[in-house]
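Let me begin by presenting the structure, written as structure tokens, before commenting on it.
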Amino acid sequence: MYEHRQHTGPGPLSGFTVGVTAARRADELIALLRRRGAAVVHAPALRIVPLADDSELLAATKELLGRAPDVVVATTAIGFRGWIEAADGWGIGEALLERLRRTELLARGPKVKGAVRAAGLVETWSPESESLAEVLERLLSAGVAGRRIALQLHGEPLPGFVEALREGGADVVVVPVYRWMAPQDLAPLDRLLDAVAGGAVDAVSFTSAPAAASLLSRAAERGVREPVLAALRGPVLSACVGPVTALPLQAHGVDTVHPERFRLGPLVQLLCQELPGRARVLPVAGHRLEVRGHAVLLDAELRPVQPAGMALLRALARRPGWVVSRADLLRALPGAGSDEHAVETAMARLRVALGTPKLIQTVVKRGYRLALDAGGDLKYADVRPG
């Protein structure tokens, strides 16, 4: 479902549509995007296995109670809290806390350290960098041969971390907090896949590697993986919260972007930089015309345009100042068939939406062109004759 938010003025993401694949903290991400003007297509690519029903987490917890670990690595604050809460629900919370008090407890960063202390525990060590690489380096430099190390995961594996510990001779117990499964309702994800393949979204955001993998897996099940990948390799931006999240996409040749700080706020700020930077900006009939995903900015005023109108405008903007024939414009229209009258109808609606008819000139018996200002092509556009 496409949703828009009213703005007093255009935001940096006004006129753009962003797909959101997150399940956890999706509301927060969507609110940040809408606040900056984006239209949002929300399609959770995963669902979280309820902790109380998670037999794997229960089995791992009982294994640690039965045989004490030498080291426990807590990787996320919400995951550590969820583990303690789940153990409480199973009636073994106190036993788990007592076990953790007697082990070397490493907390990845300040947030995790806060969760550890909130549980009445004290961490042995925590890196200020929040880097798991630094945690791994500390463990390996101290020697892990023969040591039993418990690793609290949060929904996704940590590439290379477990393998490096096991190669060093450690006995690694994985504690899988918040495991993911495919969503029960696949319809929103299917709609997002169709929107990606059809170029109806400008970017897709990913906050976990399993979400990216799940989206591609569902695309393969529906037989649309190749058009989806073609879109993600081309016009549709893949914005990931961090490099680990990007791995399933990069494995299929998809270029991705991610912020330096792996947080939702910086992810949204990155989109605010990347998407406007991709928009085509042209000086037309004395106006500044910026062609965005489902709207245009005309002299910094947002003007929504229907999909057919946007298809025509993009075709004209690819060759600014040059005449584009009705036949070429007809091919650009989605599902228009063979009647060139569809071009005239869509063009009339486009001119009304723009509110400035002189932006697009009719060239009798030839077609249409943008009224590009003299010299503007050198500054704003890569002009090629059609």
ask   = Yes or no: R288 assigned to a strand (DSSP E or B), surrounded by 14 or more Cβ atoms within 10 Å (Cβ to Cβ), out of contact with any Gly (no Cβ under 6 Å at 6 or more places or on another chain) and basic (K, R)?
value = yes
request  = Output yes when any residue across the stretch 292-306 is open to solvent by less than 10 Å² (accessible area, probe 1.4 Å), under 18 Å from P10 (Cα atoms), small (G, A, S) and not in a loop (DSSP other than H, G, I, E, B), and no when none is.
outcome  = yes
note = Restricted to the stretch 96-144 and to residues being at pLDDT 95 or above and at positive phi, the residue most open to solvent (accessible area, probe 1.4 Å) is G120
ask   = Out of (1) crowded, with 21+ Cβ neighbours inside 10 Å; (2) of a type in the set (V, I, T); (3) at pLDDT 95 or above, what's the single condition that is false for V224?
value = (1)
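I'm trying to understand the selection: among the residues of the stretch 27-63, which are part of a helix (DSSP H, G or I), without any contact (Cβ under 8 Å) to a residue 60 or more places away in the chain and surrounded by 18 or more Cβ atoms within 10 Å (Cβ to Cβ)? Give the steps one after another, and end with the answer.
Residues of the stretch 27-63 that are part of a helix (DSSP H, G or I), as a first pass: 27-35, 51-53, 55-63.
Next, only the ones that are without any contact (Cβ under 8 Å) to a residue 60 or more places away in the chain stay: 27, 30-31, 34-35, 52-53, 55, 58-59, 62.
Residues satisfying the conditions are I30, R34.
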message = Based on this model, can you work out whether D328 counts as in a loop (DSSP other than H, G, I, E, B) and either at pLDDT 90 or above or more than 29 Å from P259 (Cβ to Cβ) (or both)?
response = no
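Criterion first (surrounded by 15 or more Cβ atoms within 10 Å (Cβ to Cβ), among the hydrophobic types (A, V, I, L, M, F, W, C), at pLDDT 90 or above and in contact with a helix residue (DSSP H, G or I) (Cβ under 9 Å, 6 or more places away or on another chain)) does L158 satisfy it?
When the stated conditions are applied, L158 does not pass them.
Here's the yes/no breakdown for (1) open to solvent by less than 40 Å² (accessible area, probe 1.4 Å); (2) within 25 Å of L189 (Cβ to Cβ); (3) part of a helix (DSSP H, G or I); (4) free of Cβ contacts under 8 Å to residues at least 40 places away in the same chain:
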site	(1), (2), (3), (4)
A219	yes, yes, yes, yes
P248	yes, yes, yes, yes
R261	no, no, no, yes
P320	yes, no, no, no
ask   = Which residues, counting only those in the stretch 163-183, are open to solvent by 20 Å² or more (accessible area, probe 1.4 Å), under 22 Å from P248 (Cα atoms) and not in a strand (DSSP E or B)?
value = E163, A164, Y178, R179, A182
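The values are calculated or read from the model by the stated rules, or taken from the named source; none is laboratory data. This one's a predicted model, so the numbers in the text were calculated from it and none came from an experiment. Cβ atoms come from the backbone with ideal geometry, glycine included; neighbour counts cover every protein chain shown. For accessibility, only protein heavy atoms count, side chains too; no ligands or nucleic acids. Shrake-Rupley method; radii C 1.70, N 1.55, O 1.52, S 1.80 Å.
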